[in-house]
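The values are calculated or read from the model by the stated rules, or taken from the named source; none is laboratory data. Given the structure is predicted, the values throughout are model-derived calculations rather than measurements. Every residue, glycine as well, gets a Cβ built from its backbone with ideal geometry; the counts of neighbours run over all protein chains shown. To get the accessible areas, we keep the full protein, side chains included, count just its heavy atoms, and leave off ligands, DNA and RNA. Shrake-Rupley method; radii C 1.70, N 1.55, O 1.52, S 1.80 Å.
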Amino acid sequence: MSQLSCHLQLPPTSYDIVIRCGLLQEEAFLRKQLLALASRFVLIADEKTASLYGKALQKILGEKTLLLSFPGGEVNKTRATKEHLEDRLLEQGWGSDTCILALGGGVVTDLAGFVAATYCRGVPFVTIPTSLMAMIDASLGGKTGVNTSYGKNMIGCVYQPKLVLIDPCLVSSLPLRELRNGIVEIIKHGLIADASLFSYLDTHVDTLLSLDPETLSYVISESCRIKITLVEQGPKRTLLNFGHTVGHALEKLTDYTLPHGEAVAIGILVESHMALQMGLLQQKVFEKMQNLLARYGLPLKLPKRFSYAACTEAMQLDKKSLLGKPRFVLLEEMGSAKSCDGAYCASVEESVLETALTWMNDALCCN
Ligand SMILES: NC(=O)c1ccc[n+]([C@@H]2O[C@H](COP(=O)([O-])OP(=O)(O)OC[C@H]3O[C@@H](n4cnc5c(N)ncnc54)[C@H](O)[C@@H]3O)[C@@H](O)[C@H]2O)c1
Ligand SMILES: [Zn+2]
């Protein structure tokens, strides 16, 4: 019997994120960037993004580009859709010289990224996000995956794109509710890492909601900068989960009828209420964030009251939980959160959690 050990020095990964209004019409630039990665392309989109932007992009890239689409929505981010897309590629003889382009919201970038990670044991992958959520979150950082009946994003892997192409002006066709979902994550980025982004969002509500290209490009690029900086810093990545312990629980408790952004907006407030009670956060900062979320039109409304027991049970499986106890990102002030022995989340006293959930039910419930 012998024992060997295998040591691999994986090459460091880096990729460019290009952010520019009108980017998807820059034919020469797109061809130059993409042809440097591969000679043939498979564009994966949902039916909506395929018809809005897929055909035009296919035309720019020429005949060696296949456009594959699937019915959109979270319910189709599944292993079955992945298999269906893979079978189309296999049938038509696409090999390891293929580059996969994900054109769509987070459902498309997560799913197409997972296809790229496993097709021929991994082919190059480029994200071209079309929803605000995908532009500032799902297209960056390399998390890919699908949902199962046991839970969301339960099967997947981390697989980095070779390039991210963001045309902020594509959000002009996005429904307002989807736009607001993305704005919540941008507000979150300001709260956890950059008070000046929060102030900018505070003074540009009208221009952002009217989709002014300069405002959009600024908040998207600042938001991407914050996300990649935190992803690069390892443990600080946890900060991106601010508002999500409670947010995910609310999504689960409403059978996912409460959209992710709306649930996270409430989660941001409930988790900030805990920081408020613990003397970490000032009342005026708490009120400022509540006001800003409301000014962007977030409903901040629960469909019904949720008991302490139901909420804590729904939080138990949160990935930050330690020994079955939920943990939360706790804000200290605008733009910075508490570090607890090198972790950026902590559990709180039961009474603090209970008071925060009581506040949520009293302040945000319909009855
Ligand atoms: N990988 C990550 O790090 C990460 C981060 C955040 C979210 N996500 C995932 O992203 C998904 C949510 O993303 P989403 O909010 O973009 O949802 P989505 O992909 O379902 O898009 C929302 C809707 O908007 C439509 N749409 C997208 N772009 C459009 C455009 N420009 N014009 C008109 N309609 C457009 C889509 O067809 C869809 O109907 C979830 O599955 C979530 O798990 C992943
Ligand atoms: Zn989120």
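With +1 assigned to the C-beta of every Lys and Arg and -1 to the C-beta of every Asp and Glu, and no other charges, what is the dipole magnitude of the range 44-125 about the Cα centre in debye, to the nearest 20?
On the way: 9 positive and 10 negative charges, 30 e Å.
The calculated dipole for the range 44-125 is roughly 140 debye.
Per DSSP H run of n ≥ 4, the term is -39500 (n - 2.57); total these for the chain, divide by its residue number, and report the mean residue ellipticity at 222 nm rounded to 500 deg cm²/dmol. Write out the running numbers ahead of the final one.
Working: 13 runs with 158 residues, N = 367.
Mean residue ellipticity at 222 nm (helix-derived): -13500 deg cm²/dmol.
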Report task. State log₁₀ I(q)/I(0) for the chain at q = 0.08 Å⁻¹ as given by the Debye formula over alpha-carbon point scatterers of equal weight, solvent excluded. Result -> -0.41
Report task. Taking the Cα centre of the range 218-327 as origin, work out the dipole magnitude from +1 charges on Lys and Arg Cβ and -1 charges on Asp and Glu Cβ, in debye rounded to 20. Result -> 160 debye
Query raised in the report: Roughly how many Å² of S39 are accessible to a 1.4 Å probe, to the nearest 10?
Result: 70 Å²
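If you wrap the range 99-185's Cα atoms in a convex hull and average its projection over all directions, what's the area in nm²? Walk me through the numbers before you get to the answer.
Details: hull surface 23.0 nm².
Mean projected area for the range 99-185: 5.8 nm², to one decimal.
State the percentage of accessible surface on the chain attributable to carbon and sulfur atoms; use a 1.4 Å probe and exclude ligands, DNA and RNA.
Working: 8740 of 16970 Å².
Here carbon and sulfur together make up 52 percent of the probe-accessible area.
Provide the per residue accessible area, probe 1.4 Å, for the range 277-321, rounded to a whole number of square angstrom. Don't skip to the end; give the middle numbers.
Working: 2570 Å² over 45 residues.
Each residue of the range 277-321 exposes 57 Å² on average to a 1.4 Å probe.
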Query - For the chain, with +1 on Lys and Arg beta carbons and -1 on Asp and Glu, the positive-most of T203, L103, L293 along the dipole - result: L103
Query - Whichever lysines have a C-alpha closer than 26 Å to that of K288, once near sequence neighbours (fewer than 8 apart) are set aside - result: K188, K227, K236, K301, K304, K338
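Tell me the Kirkwood hydrodynamic radius of the range 145-218 in angstroms, computed as one over the mean inverse distance between distinct C-alpha pairs. Before the final figure, lay out each step's value.
On the way: mean 1/r = 0.0682 Å⁻¹.
For the range 145-218, the Kirkwood estimate is 14.7 Å.
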Requested in this report: Give the long-range amide H neighbours of E332: residues separated by 5 or more places, or on another chain, with amide H under 5 Å away, using H modelled in the peptide plane at 1.01 Å from N.
Outcome: A337, K338
Report task. Output the relative contact order of the chain, whole-number percent, from Cα pairs under 8 angstrom with separation of 6+ residues. Result -> 14 percent
**Report entry** Disulfide-incompatible cysteines by the Cβ rule (no partner under 4.7 Å) in the chain
**Finding:** C6, C99, C120, C157, C224, C311, C340, C345, C365, C366
Requested in this report: Quote the charge dipole size of the range 265-367 about the Cα centre in Debye, to the nearest 20; the model charges only the Cβ of Lys and Arg (+1) and of Asp and Glu (-1).
Outcome: 360 debye
Report summary line: Dipole check, the chain, charges on Cβ (K,R +1; D,E -1), about Cα centroid: among A363, I268, G156 the Cα furthest to the positive pole belongs to G156
